[in-house]
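Down below is the structure, laid out as structure tokens.
The values are calculated or read from the model by the stated rules, or taken from the named source; none is laboratory data. Given the structure is predicted, the values throughout are model-derived calculations rather than measurements. Cβ placement follows ideal geometry from the backbone for every residue including glycine, while neighbour counts extend to all protein chains displayed. With ligands, DNA and RNA removed, areas are computed over all heavy atoms of the protein, side chains included. Shrake-Rupley method; radii C 1.70, N 1.55, O 1.52, S 1.80 Å.
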Amino acid sequence: MEISRTRLLLSLSVGVAAISCAAILIRFAQAEGVPSLSIAAWRLIFASVVLVPYAWATHRQEIQDLSRREIGLMAASGLFLGLHFATWIASLGYTSVASSVVLVSMGPVFVGLGSWIFLHERPSLLMALGILLAIAGSIVISWGDLGQGQDHLLGDLLALTGAIMVAAYLMIGRKVRARRSLPTYIALVYGVAMVTLIILVILTRQSMFGFSPAAYAWMLALGLVPQLIGHSTLNWALRHLTATYVSIITLAEPIGAGILAYLFLDEALTRATAIGGFLVLSGIYIASRTELAAGDAKEK
């Protein structure tokens, strides 16, 4: 089914606006005393409670027809998604929203590195330049956080780890989404991510209950808006656009998250974060242009 570019861009704009709210909602839940892993787990629990029954009711036959290989790939994708949320949400407890969101946005760069290492696809000159710029930007951000203590550096490292996890999630999803419907794919992926996070909560002995009604309200909003609307829109777009093109569109997330953090959390944008963020986003954009051009050539 062909989708107009206008509809795709409008849908992605809604998706980006939805995921831009995530960091703010997480901070509000953390302010209510909810541990980071518990926030991540509840995010996927609320999303899965809505999605899984719907997928089973409407796509039961497709789910039953999944091959073992497809189930394995989806399970791996869900595992990486769960680890992405675990590390990224934890990073927001140590560093600023701006630093965290910019660093976790390096996912597309790690997609390029992963394709080189695991798929033996040598990066072009533009891809290599983009990777170097992004790495330089992350160093600038981390250097700026150095004077603010080890906690900020730990937050930066967790955000970068989250970027690696989301890169693996996107690389797997790009293959599976070509053959399976959106509800089938995200129901299994979100479900596995939920189980992964619940296991991590149990292993670390963090609490899942006993929080204020406001805390559960923030986590419900997190599951419905950034997860069901935001992530699901991006996964939907993967069937019609290359993962790199989708990643380019999502580069607006740090801007949206930074504006929301300034408005609602009174977080000032430091010079190091601004310069480093510009380098990271520039590097991601440059690294993405080669693959985007290749995708457009195939369409022609």
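Points to keep in mind about this one:
- Check on Val166, open to solvent by less than 10 Å² (accessible area, probe 1.4 Å), at pLDDT below 90 and hydrophobic (A, V, I, L, M, F, W, C): no
- Top-ranked residue of region 53-72 - restricted to ones that are open to solvent by 40 Å² or more (accessible area, probe 1.4 Å) and among the hydrophobic types (A, V, I, L, M, F, W, C), ranked as farthest from Ser138 (Cα to Cα): Ala57
- Of all the criteria given as (1) more than 21 Å from Leu12 (Cα to Cα); (2) at pLDDT 75 or above; (3) surrounded by 15 or more Cβ atoms within 10 Å (Cβ to Cβ), the one not satisfied by Thr273 is (2).
- Yes/no for Asp156 being under 20 Å from Ser91 (Cβ atoms), in a helix (DSSP H, G or I), at pLDDT below 90 and open to solvent by 40 Å² or more (accessible area, probe 1.4 Å): no
- Taking (1) open to solvent by 20 Å² or more (accessible area, probe 1.4 Å); (2) outside any loop (DSSP other than H, G, I, E, B); (3) touching a residue at least 24 places away in the same chain (Cβ under 8 Å) in turn, Tyr94 satisfies each apart from (2).
- Residue check for Arg179: more than 24 Å from Glu62 (Cα to Cα), open to solvent by 60 Å² or more (accessible area, probe 1.4 Å) and not in a helix (DSSP H, G or I): no
- Single residue of region 12-27 satisfying the filter (more than 16 Å from Val101 (Cα to Cα) and surrounded by fewer than 20 Cβ atoms within 10 Å (Cβ to Cβ)) that is modelled with the highest pLDDT: Val14
- Cβ-Cβ contacts under 7 Å between residues 6 or more apart (or on different chains), taken from a first residue in region 78-91 that is at pLDDT below 95 to a second residue that is of a type in the set (Lys, Arg), are listed as Phe85/Arg43.
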